[in-house]
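Enquirer: Take a look at the following structure, please.
Laboratory data are not the source of any read-out in this text; all were calculated from the coordinates shown. The structure presented is a predicted model; accordingly, all values stated were derived computationally and were not measured. Methodologically, a virtual Cβ is constructed for each residue, glycine included, from the backbone with ideal geometry; neighbour enumeration extends over all protein chains shown.
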Amino acid sequence: MEDAPYTLAMWRVIDGREAEFEAAWHNLANVFSALPNPPVEGTLLQSTTDPLLYYSFGPWRSADDVSTMRADSSAQAALERVRALCVEAAPGSYRVVQHVTA
């Protein structure tokens, strides 16, 4: 998977909306799973020192699959529902440059 593209996002959630955000992110994962070429997996992390700070990430099979997701109206609507629960959101696309296994 070293050449696989990843999506990664930082989410700063509106105080008191954490449960809604987590439910909206889970719905987003379900929408992504329904895409013709869904991501391999997705992970949502919450900071242990700042409960309003989340990161999500996951690998995709190809950059074209990420582009298809970004063009999909259902995926964009689900992303917008997640963003609406945040004071700050910074999604992006990345590539693996190194991976180390201990």
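Enquirer: On the Cα set of region 9-102, report Rg and Dmax in Å, please.
Expert: Taking only Cα atoms of region 9-102, I get Rg and Dmax of 13.7, 40 Å.
Enquirer: Another one. Ordered by residue, what ³J(HN,Hα) values in Hz, to whole numbers, does region 43-60 give under the Karplus form 6.51 cos²θ - 1.76 cosθ + 1.60, where θ = phi - 60° and Gly and Pro are x?
Expert: 9, 10, 10, 10, 4, 7, 10, 9, x, 8, 9, 10, 10, 10, 7, x, x, 10
Enquirer: With the contact rule set at Cα under 8 Å and sequence spacing of 6 or more, what percent relative contact order holds for the chain?
Expert: 49
Enquirer: Between the DSSP loop rule and a limit of at most 12 other Cβ atoms within 10 Å, which GluC sites (Glu not before Pro) in region 10-95 are left?
Expert: Those satisfying the criteria are Glu41.
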